[in-house]
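Remarks on the structure that follows.
Each reported figure results from applying straightforward, stated rules to the coordinates on display, with no laboratory input. Predicted model, so just to flag it, every value in this text is computed and none were measured. Glycine gets a Cβ as well: all are built from the backbone with ideal geometry, and neighbour counts include every protein chain shown.
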């Protein structure tokens, strides 16, 4: 019997084929890419299992508290990368601190852009 977090063979085969197409021709690179995808998949499966428990277990509080807990777990364990605007704002603030002469103008323009 396989462990419940073991990825299906078809998925592993697909990861390996993807790695072959996208990686250096050396076999170790394919193995590393496939192993990384498997680890990410396993971690995602575990997170979703934990979220399912948290949503239904009354020990975790009220329905609202459980929903907030799950939202927080997903945000903490799978943070979204900063948007291009957030990255640019950070760079402009650093530039401003370092005395960049156009930094203030760039910063104001970036802040005026709508969030994505």
How big is the Cα convex hull of the chain in projection, averaged over all directions, in nm²?
13.0 nm²
What percentages, rounded to whole numbers, describe P(r) for the range 9-77 computed over all alpha carbon pairs with 5 Å bin width beginning at zero?
3, 17, 18, 14, 10, 10, 10, 9, 5, 3, 1
Two pseudo-spin positions, 7 Å from Cα along C-beta at residue 71 and at residue 57, lie apart in nanometres by 2.1 nm
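On full extension of the chain, what length is gained from residue 28 through residue 109, given 0.36 nm per residue of separation minus the C-alpha to C-alpha distance?
Value of the extension gain: 24.6 nm.
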I want to make sure I understand the PRE zone here: with the label point 7 angstrom from the Cα of residue 5 toward its beta carbon, which residues in the range 65-96 have backbone N atoms less than 20 Å away?
70-79
